[in-house]
Amino acid sequence: FMLVASADRRTVTAINGSGAAPRNGTIDRYLPLGRIPEYGWLAASVPGIVDAWEVALERFGTRSLGVLLEEAITYAEAGFPLTARQARNNAEMAPIAAQFPDTRAVFFPNGRPPGPGYRLRQSDLARTLRTIQAEGAAAFYRGAIARAIVGASDRGGGLFSERDLAEHRTDVLDPIQTTYRGWTVLEQPPVSQGLIVLIALKILEALDATTDPADRVHLQVEAHKLALTERLNHLGDPAFSPTVVEDMVSAEQGRALARRIDPRHAVGLQQEPPGHPDTTYLCVVDEARNVVSYIHSLYAGNGVVAGDTGILLNNRMGCFSLDPNSPNRLGPGKRPVHTLNSWMLLQNGIPQVVGGTPGSFWQVQTNLQLISNLIDRGLPVQAAIDAPRWTMGGQTSWSDSSLSLEARFGDAVMRSLRERGHSVQPIGDWAAGGAAEVIRIEGESLSGGGDPRPGTSSVIGY
């Protein structure tokens, strides 16, 4: 998903590069399994990113996809030394990858997970990228790569057809937006769940601002619960389940939801499916003040490499519901609701701040806190990222009674929240997860911030 602010056009465009369920991906197909598998071919939706790259570059780029793929091809062909984190991730994937010979051949060439410093080469992937470099996205969706993916799917018991790939299209949309204390906040439209951030902000705007940290956390958490419930009740692929976003992020709706918050007592929450922390986020501002907020994820790493293409598949089918009454119910050709979201803050129609974070279903929680820190507390970008953070439900599972607070909040804040009915779990000083990145534009000056929490985050200016 991308938000792209074009300096010359003075517009912001949302690009949705997610893929849909295969045509044979029906609820009836999965119900006998009792669930949507987490790994394997039945877990994969149509890959969308290649077309999204081409669409974004055709509209806004100054270089071709072929030119920009060259460095990736070099890394695939020549390899790169694994970091300690990459080696650890590979080792964690080993029990899953053991089920898939094509995956083992790429990531475990000696039959076991390689350690840090091992040079990982991906010659099949390099060949696939060279084909895209020469022939464009058409080769991926209607050419030799598409045929190779479908052939591997057939051998692996998957559902992909050549029609599924050929009919994939990137959505180019307007961002969804609302106002918050004098700022315009832009988010990714459905199927992104960025809507949660906007609903929660409108709820907070309807409440009195507070400087007390326990009050602030309580109100943010309760606003998030209400916003998440709205998402669970209403959000699905808009092509199948239209969502009236303007009504959901209106001031009137914000006030109505805010009246349901008790400042002294926490409330329960509908269950939310588990998520997975396997996401990359970046934001960029160039000298002309073009701005990009970009987020990408395979979800949890499917474990399946598509035959000899070298392509590691997503497992985004797991984001669907098998409940026939859910707006996010599985269906052929439908896109699942995504945790992925990114945001911008505008004044007078001009981007002033851009940001986002990886972090599974708690991305929206982090983004809510970042925006509040920037606007409500007036913090500089790095201080807004560094501020103590809360998360609900942990990092890879969900519980309506779990609220994790970084220890830097202090005992008094945790005690106050427990008295209101929150089930508070103290975690490490920098353990809330995420790898937030934010850039602020102030005239000729740019300031950037990167997350010191575990993960990989950095700021580069040149």
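May I ask you to verify whether residue 354 is open to solvent by less than 10 Å² (accessible area, probe 1.4 Å), under 26 Å from residue 178 (Cβ atoms) and part of a helix (DSSP H, G or I)?
Criteria not met by residue 354.
Taking the criterion of being assigned to a helix (DSSP H, G or I), closer than 20 Å to residue 125 by Cβ and not polar (S, T, N, Q), would at least one residue in the stretch 18-32 satisfy it?
Within the stretch 18-32, none of the residues are assigned to a helix (DSSP H, G or I), closer than 20 Å to residue 125 by Cβ and not polar (S, T, N, Q).
Anything in the stretch 213-242 that is under 20 Å from the mean Cα position of the chain (by Cα), in contact (Cβ under 8 Å) with a residue 60 or more places away in the chain and assigned to a loop (DSSP other than H, G, I, E, B)? List them, or say none.
Those that are under 20 Å from the mean Cα position of the chain (by Cα), in contact (Cβ under 8 Å) with a residue 60 or more places away in the chain and assigned to a loop (DSSP other than H, G, I, E, B): 235, 236, 237.
Would you confirm whether or not the stretch 66-87 contains a residue that is part of a helix (DSSP H, G or I), within 23 Å of the chain's Cα centre (by Cα), closer than 30 Å to residue 156 by Cα and polar (S, T, N, Q)?
Yes, some residue in the stretch 66-87 is part of a helix (DSSP H, G or I), within 23 Å of the chain's Cα centre (by Cα), closer than 30 Å to residue 156 by Cα and polar (S, T, N, Q).
Residues being out of contact with any Gly (no Cβ under 6 Å at 6 or more places or on another chain), at pLDDT below 90 and under 21 Å from residue 341 (Cα atoms): count how many of those fall in the stretch 416-452.
0
Does residue 112 count as open to solvent by 40 Å² or more (accessible area, probe 1.4 Å), at pLDDT 95 or above and either in a loop (DSSP other than H, G, I, E, B) or not β-branched (Val, Ile, Thr) (or both)?
no
Can you tell me which residues in the stretch 243-258 are open to solvent by 40 Å² or more (accessible area, probe 1.4 Å) and either of a type in the set (Asp, Glu) or in a helix (DSSP H, G or I) (or both)?
Scanning the stretch 243-258 gives 246, 247, 251, 252, 253, 255.
Would you mind telling me which numbered condition in (1) among the β-branched types (Val, Ile, Thr); (2) buried (at least 18 other Cβ atoms within 10 Å of the Cβ); (3) outside any helix (DSSP H, G or I) residue 210 fails?
The one condition residue 210 does not meet is (2).
Out of the residues in the stretch 291-320 meeting the condition of being open to solvent by 30 Å² or more (accessible area, probe 1.4 Å) and in a strand (DSSP E or B), tell me which one is farthest from residue 100 (Cα to Cα).
292
Which of the residues spanning the stretch 397-415 are modelled with pLDDT of 95 or more and open to solvent by 60 Å² or more (accessible area, probe 1.4 Å)?
The answer is 408, 411, 412, 415.
Rundown of residues vs (1) within 30 Å of residue 57 (Cα to Cα); (2) of a type in the set (D, E, K, R); (3) surrounded by fewer than 16 Cβ atoms within 10 Å (Cβ to Cβ), yes/no style:
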position: 2; (1), (2), (3): yes, no, no
position: 11; (1), (2), (3): yes, no, yes
position: 15; (1), (2), (3): yes, no, no
position: 18; (1), (2), (3): yes, no, no
position: 21; (1), (2), (3): yes, no, no
position: 27; (1), (2), (3): no, no, no
position: 34; (1), (2), (3): no, no, yes
position: 42; (1), (2), (3): no, no, no
position: 47; (1), (2), (3): yes, no, no
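Taking interchain pairs and intrachain pairs at least six residues apart, which have beta carbon atoms under 9 angstrom, with the first residue in the stretch 93-115 and within 17 Å of residue 40 (Cβ to Cβ) and of a type in the set (Phe, Trp, Tyr) and the second part of a helix (DSSP H, G or I) and open to solvent by less than 70 Å² (accessible area, probe 1.4 Å)?
The qualifying pairs are 100/156; 107/90; 107/93; 107/94; 107/97.
Show the residue pairs that are 6+ apart or on different chains and have beta-carbon atoms under 9 Å apart, the first residue being within the stretch 38-58 and farther than 10 Å from residue 170 by Cα, the second being among the acidic types (Asp, Glu) and surrounded by fewer than 23 Cβ atoms within 10 Å (Cβ to Cβ).
Here the result reads 46/167, each pair linking the stretch 38-58 to a residue that is among the acidic types (Asp, Glu) and surrounded by fewer than 23 Cβ atoms within 10 Å (Cβ to Cβ).
Within the stretch 439-461, count every residue that is of a type in the set (D, E, K, R) and surrounded by 14 or more Cβ atoms within 10 Å (Cβ to Cβ).
3
Residue under question is residue 148, and the condition is that it be open to solvent by 10 Å² or more (accessible area, probe 1.4 Å), over 21 Å from residue 68 (Cβ atoms), of a type in the set (Gly, Ala, Ser) and in contact with a Gly (Cβ under 8 Å, 6 or more places away or on another chain); does it hold?
Taking the combined requirement at face value, the residue satisfies it.
Among 335, 329, which is the only one that is surrounded by 23 or more Cβ atoms within 10 Å (Cβ to Cβ), under 21 Å from the mean Cα position of the chain (by Cα), farther than 30 Å from residue 422 by Cβ and not small (Gly, Ala, Ser)?
Matching residue, one of 335, 329: 335.
Which condition number does residue 87 fail, the rest of (1) touching a Pro at 6+ places or on another chain (Cβ under 7 Å); (2) surrounded by fewer than 17 Cβ atoms within 10 Å (Cβ to Cβ) being met?
(2)
May I ask you to list the residues in the stretch 173-207 that are part of a loop (DSSP other than H, G, I, E, B) and open to solvent by 20 Å² or more (accessible area, probe 1.4 Å)?
174, 175, 181, 182, 206, 207
Give the residue that is surrounded by the most Cβ atoms within 10 Å (Cβ to Cβ), with candidates limited to residues of the stretch 220-241 that are in contact with a Gly (Cβ under 9 Å, 6 or more places away or on another chain) and more than 16 Å from residue 194 (Cβ to Cβ).
Within the stretch 220-241, the match that is surrounded by the most Cβ atoms within 10 Å (Cβ to Cβ) is 225.
Restricting to the stretch 92-103, what's the tally of residues that are surrounded by 15 or more Cβ atoms within 10 Å (Cβ to Cβ) and out of contact with any strand residue (DSSP E or B) (no Cβ under 9 Å at 6 or more places or on another chain)?
Final tally of qualifying residues: 3.
The values are calculated or read from the model by the stated rules, or taken from the named source; none is laboratory data. Please read all numbers here as calculations on a predicted model, not as lab measurements. Counting neighbours? That spans all protein chains shown, and the Cβs are built from the backbone with ideal geometry, glycine included. What goes into the accessible areas is simple: the full protein's heavy atoms, side chains included, and nothing from ligands, DNA or RNA. Shrake-Rupley method; radii C 1.70, N 1.55, O 1.52, S 1.80 Å.
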